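The values are calculated or read from the model by the stated rules, or taken from the named source; none is laboratory data. This one's a predicted model, so the numbers in the text were calculated from it and none came from an experiment. Because the Cβ atoms are built from the backbone with ideal geometry, glycine has one as well, and the counts that use them run over all protein chains shown. Side chains included, ligands, DNA and RNA excluded: accessible areas come from the protein's heavy atoms. Shrake-Rupley method; radii C 1.70, N 1.55, O 1.52, S 1.80 Å.
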Amino acid sequence: MPVVRTNGISLGYEEYGAGEPVVMVTGTGAPGRVWRAHQVPALTAAGYRVITFDHRGFSPEGASGQPFTLADMAADLAGLLTHVSPGPCRVVGFSLGSVVVQELLVARPELVRRAVLMATIGRADLLVRAMAAAEIDLCDSGVALPPRYAAYVQALQYLSAETLGDPDGLRGWLDVFEMTATGSTAGMRGQLGLQVIEDRRAAYRHIRCPCLVVGFSDDRVVRPRLAEEVAACIPGCRYTEISGCGHFGYLEKPEPVNSAIIDFFAEPDR
């Protein structure tokens, strides 16, 4: 895995395909490889060079135990963008990754040509705050949930009613969740709570980069109205909602998600 030194840390990243670059920014606790199943093949087939990376707290340096902020994560992303692209490039964010991209668009707008913001927020409401506090308490308690129980909870939290009602599809998801539930949470600890942002919608009104916000109809983590609020405050931003999927909509319904991304990136710049 190539490594770039940026903002005082080392970030591991991967490149796929050839063409104009697209940088993918994951959500809380997720490594860059989550994009490989669906988004990397679709974007490389569309003629893009796709760059995925692991946020700070993961390899190559691992968890340092030092606290960091959204501004730190945005600065990390800025360093990666300048390393992989000579000019502004296209960026895709998901959940916490979308918030990081939004903060980058405020701080370093010259680095981004177009941005897709999936399952994003511009403010943390009561449910987001409660979820973050609960996740921090669980992580700090040292308690390891039994994998089958963790898988069941994640299925309810992240998937749509459509998938939950499909025994064949649900079985595969439960297997994946159970397998990943045994992993360490050390790398994600520093990211927990960073989605608890104050109201940033006024700042986002100054964003001039062409943006597309994608909401997921059954998202229980970031309800679609929160994502739609972000689209409403970014000038010229469009909002689209993908039906029949939960918070992991980019994995649950990858075809419409990929089509929305590729169509938006293919539009001429204004």
Residue count for the stretch 1-55, restricted to those that are open to solvent by less than 40 Å² (accessible area, probe 1.4 Å) and of a type in the set (D, E, K, R): 1
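Could you grab me the full set of residues in the stretch 118-142 that are hydroxyl-bearing (S, T, Y) and free of Cβ contacts under 8 Å to residues at least 60 places away in the same chain?
Correct list: S141 only.
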Filter result (in contact with a Leu (Cβ under 9 Å, 6 or more places away or on another chain) and buried (at least 24 other Cβ atoms within 10 Å of the Cβ)) within the stretch 220-238: A227, V230, I234
Residue within the stretch 167-184 that is within 16 Å of the chain's Cα centre (by Cα), part of a loop (DSSP other than H, G, I, E, B) and not β-branched (V, I, T) present: no
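Does E241 qualify as being within 19 Å of V92 (Cα to Cα), open to solvent by 70 Å² or more (accessible area, probe 1.4 Å) and acidic (D, E)? Before the answer, list the steps.
Values: within 19 Å of V92 (Cα to Cα): yes; open to solvent by 70 Å² or more (accessible area, probe 1.4 Å): yes; acidic (D, E): yes.
The answer is yes for E241.
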Any hit, the stretch 101-117, residues being in contact (Cβ under 8 Å) with a residue 60 or more places away in the chain, in a loop (DSSP other than H, G, I, E, B) and either closer than 28 Å to V230 by Cα or of a type in the set (A, V, I, L, M, F, W, C) (or both): no
Among (1) assigned to a helix (DSSP H, G or I); (2) more than 24 Å from A155 (Cβ to Cβ), the one test that V196 misses: (1)
Filter pass, I234 being in contact with a Pro (Cβ under 6 Å, 6 or more places away or on another chain), farther than 25 Å from D137 by Cβ and β-branched (V, I, T): no
